[in-house]
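One structure is given here, and the rest of the page talks about it.
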Amino acid sequence: MAYFYNEPSHTFDEYLLIPGYSSAECIPANVSLKTPVTRYKKGEKPAIEMNIPLTSAIMQSVSDDRMAVALAKEGGISFIYGSQSVEAEAAMVARAKAYKAGFVVSDSNIQPSCTLGDILELKEKTGHSTVAVTDDGTANGKLLGIVTGRDYRVSRMPEDLPVSAFMTPAAELITAPRGTTLSECNDIIWEHKLNSLPIVDENGHLVYMVFRKDYANHKENPNELLDDQKRYVVGAGINTRDYAERVPALLEAGADILCIDSSEGFSEWQKRTIDWVRARYGGSVKIGAGNVVDAEGFRFLADCGADFVKIGIGGGSICITRETKGIGRGQATAVIDVAKARDEYFEETGIYVPICSDGGIVYDHHVTLALAMGADFVMLGRYFSRFDESPTNKVNVNGTYMKEYWGEGSNRARNWQRYDLGGSKKLSFEEGVDSYVAYAGSLKDNVSLTLSKVKSTMCNCGALTIPELQQRAKLTLVSAVSIKEGGAHDVVLKDTNMTRMK
Ligand code: RVP
């Protein structure tokens with residue numbers, strides 16, 4: 001006879017935290033959100049930790065190189081999507097790794113024979129007023145001059161005036177050689193009262209631009225997550241089919257950590273993939289696996305050698321797996337069950353395997369709940385898709401700005417490897433939808449607001465670290481009626497259009 005669970009499975013919205021004692025020490029400024037990402041032995045330190053417990057989903061509409069840089073700046077990790085060619089994914093990883101905080105590959109470039117009209121058009125397109133003039137009009141051509149808003153007056157100059165007639169020529173520019181450090185660049189910028197400083201190689205070719213305003217930004221990222229060469233830490237998704245080609249290319253490009261991207265990870269395919277990685281690279285290559293929703297699935301992947309285990313089936317905002325296939329589990333119950341298994345595994349073996357709650361985070365406080373239930377970190381898709389840094393289009397729908405967001409199992413993404421069970425190489429039926437989400441602005445502003453709420457609740461629970469939260473949290477299931485009590489009720493809201501993140 002089939003096995004029946006006695007309890008229904010629950011999701012985050014059905015739980016609340018009960019405050020614990022908060023001492024005077026318990027203030028948000030004292031909270032550390034540092035968390036392990038990879039397995040480690042008792043008494044040792046994990047090879048990779050994050051400064052904040054957030055990762056971005058392995059999805060076309062969420063994680064590219066731009067997202068990877070933006071999230072690493074805040075202290076988390078993006079897993080660049082694998083549902084693209086090996087070359088394209090490796091190129092994204094390489095770009096994120098090549099990104100040097102404060103050093104920008106110029107995106108506004110023009111040839112000297114172009115006109116003032118072309119400059120205005122370019123400015124309209126990129127939104128940037130500093131344009132590099134190079135011999136071939138590319139970001140790495142020979143630097144011939146710079147045009148800024150101070151070099152022209154639209155009302156006094158004809159639009160067909162060539163750029164060479166009003167640019168500041170290279171001979172009059174202050175530049176710095178490749179290899180100059182960011183702080184040296186900053187000194188030059190201040191000494192000469194510049195807004196931007198071109199970095200050139202020994203042949204006079206443009207390599208980077210350093211902008212005065214970016215230096216200030218860089219100083220504002222105390223949590224940034226860097227590797228030992230001071231490059232941003234970047235993750236990448238892989239599948240259980242083409243790992244023999246994909247993994248070497250991603251590592252060559254500089255990926256710090258991999259994750260098998262699969263809707264259902266309790267399978268021989270995952271074991272084969274991890275075995276292949278271990279046989280070829282030993283423990284030096286870090287690889288997460290998943291997704292699972294119970295203790296058995298966790299133990300299987302932990303025994304296979306996964307560096308972390310991802311939890312969640314069917315809880316994603318764009319996911320219709322539960323409707324189409326009838327599999328899955330309420331995300332809160334899945335996290336609680338797997339967290340218990342992770343702790344038992346640690347007791348038994350002395351090996352701590354971090355777990356990641358993936359999907360279904362709707363409100364900021366769901367992050368705190370997931371951590372309190374035992375997750376070491378969370379993975380979010382919808383959340384990050386709403387920001388400027390996600391790879392999708394920002395569109396105006398009936399007067400409101402939206403970003404596009406689609407599932408990996410949708411017809412749009414057609415990521416068949418994620419749903420593959422060793423059959424034909426195609427997506428047989430959809431397990432995801434194509435959608436819009438409300439545009440929410442910059443990642444930095446939103447992440448800082450979310451984490452300030454997380455820290456505040458942690459203080460209410462008397463916890464200054466995530467492990468303390470996991471030990472001290474008191475959680476209660478709530479009734480359907482008391483959920484209603486939790487929102488604004490029995491009042492007439494003044495702003496009925498107001499959308500809130502609780
Ligand atoms: P959410 O954050 O709720 O948007 O969920 C994101 C998660 O949903 C992803 O990390 C992934 O596990 C899952 N996903 C991605 N595509 C699909 C699908 O098409 N069904 N599901």
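The values are calculated or read from the model by the stated rules, or taken from the named source; none is laboratory data. As the structure is a computational prediction, the values presented were derived from the model and not from experiment. Here Cβ is always computed from backbone atoms with ideal geometry, including for glycine, and neighbour counts include all displayed protein chains.
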List pairs: first residue in the range 317-335 and closer than 17 Å to GLY265 by Cβ and in the same structural domain as GLU14 (by the TED database), second residue more than 9 Å from the ligand (Cβ to nearest atom) and assigned to a helix (DSSP H, G or I) anywhere in the structure, Cβ distance under 7 angstrom, at least six positions apart or on different chains. GLY328/ARG322; GLN331/PHE12; VAL335/ALA370
So which residues in the range 74-89 are part of a helix (DSSP H, G or I) and surrounded by fewer than 23 Cβ atoms within 10 Å (Cβ to Cβ)? GLU74, VAL86, GLU87, ALA88
Of the numbered conditions (1) away from the ligand (no atom under 12 Å from the Cβ); (2) under 30 Å from GLN270 (Cβ atoms); (3) surrounded by fewer than 22 Cβ atoms within 10 Å (Cβ to Cβ); (4) at pLDDT 90 or above, ASP420 fails exactly one; give the number of that condition. (4)
Any hit, the range 156-170, residues being closer than 23 Å to ASP214 by Cβ, under 34 Å from the mean Cα position of the chain (by Cα) and of a type in the set (Ser, Thr, Tyr): no
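Give the residues of the range 309-335 that are at negative phi, more than 8 Å from the ligand (Cβ to nearest atom) and assigned to a loop (DSSP other than H, G, I, E, B), sorted by residue number. Write out each step before concluding.
Of the residues in the range 309-335, the ones at negative phi are 309-311, 313, 315-325, 327, 329-335.
With more than 8 Å from the ligand (Cβ to nearest atom) added as a condition, the list becomes 309, 311, 313, 322-325, 327, 329-335.
Once the filter is applied, which keeps residues that are at negative phi, more than 8 Å from the ligand (Cβ to nearest atom) and assigned to a loop (DSSP other than H, G, I, E, B), the range 309-335 yields ILE313, ILE327, ARG329, GLY330.
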When residues of the range 35-73 are filtered for being farther than 24 Å from GLY409 by Cβ, of a type in the set (A, V, I, L, M, F, W, C) and either at pLDDT below 95 or not in a loop (DSSP other than H, G, I, E, B) (or both), how many remain? 4
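One residue is enough: does the range 281-289 have a residue meeting the conditions under 30 Å from TYR436 (Cβ atoms), within 15 Å of the ligand (Cβ to nearest atom) and outside any loop (DSSP other than H, G, I, E, B)? Steps first, answer last, please.
Going residue by residue through the range 281-289, those that are under 30 Å from TYR436 (Cβ atoms) are 288.
Keeping just the survivors that are within 15 Å of the ligand (Cβ to nearest atom) gives 288.
Filter once more, so that each one left must be outside any loop (DSSP other than H, G, I, E, B): 288.
Yes: the range 281-289 contains one or more residues that are under 30 Å from TYR436 (Cβ atoms), within 15 Å of the ligand (Cβ to nearest atom) and outside any loop (DSSP other than H, G, I, E, B).
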Between ALA249, ALA255, which is in a loop (DSSP other than H, G, I, E, B) and within 22 Å of the chain's Cα centre (by Cα)? ALA255
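For the range 173-209, enumerate the residues that are among the small types (Gly, Ala, Ser), free of Cβ contacts under 8 Å to residues at least 60 places away in the same chain and closer than 16 Å to ILE146 by Cα. Steps first, please.
Kept after step one, since they are among the small types (Gly, Ala, Ser), are these residues of the range 173-209: 176, 179, 183, 196, 204.
Checking the rest, the ones that are also free of Cβ contacts under 8 Å to residues at least 60 places away in the same chain come to 176, 179, 183.
Correct list: ALA176 only.
Being outside any helix (DSSP H, G or I) and either out of contact with any Lys or Arg (no Cβ under 6 Å at 6 or more places or on another chain) or not small (Gly, Ala, Ser) (or both) is the requirement here; does ALA132 meet it?
So ALA132 fits the description; yes.
In the range 336-363, what count of residues is obtained for those that are within 13 Å of the ligand (Cβ to nearest atom) and either outside the structural domain of SER452 (by the TED database) or charged (D, E, K, R) (or both)?
1
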The residue that is farthest from ASN291 (Cα to Cα), considering only those in the range 381-401 that are surrounded by 12 or more Cβ atoms within 10 Å (Cβ to Cβ) and away from the ligand (no atom under 15 Å from the Cβ), is THR400
Would the range 15-34 turn up any residue that is buried (at least 17 other Cβ atoms within 10 Å of the Cβ), modelled with pLDDT of 95 or more, under 23 Å from the mean Cα position of the chain (by Cα) and aromatic (Phe, Trp, Tyr)? no
In contact with a helix residue (DSSP H, G or I) (Cβ under 8 Å, 6 or more places away or on another chain), more than 10 Å from the ligand (Cβ to nearest atom) and not in a loop (DSSP other than H, G, I, E, B), is that true of LYS426? no
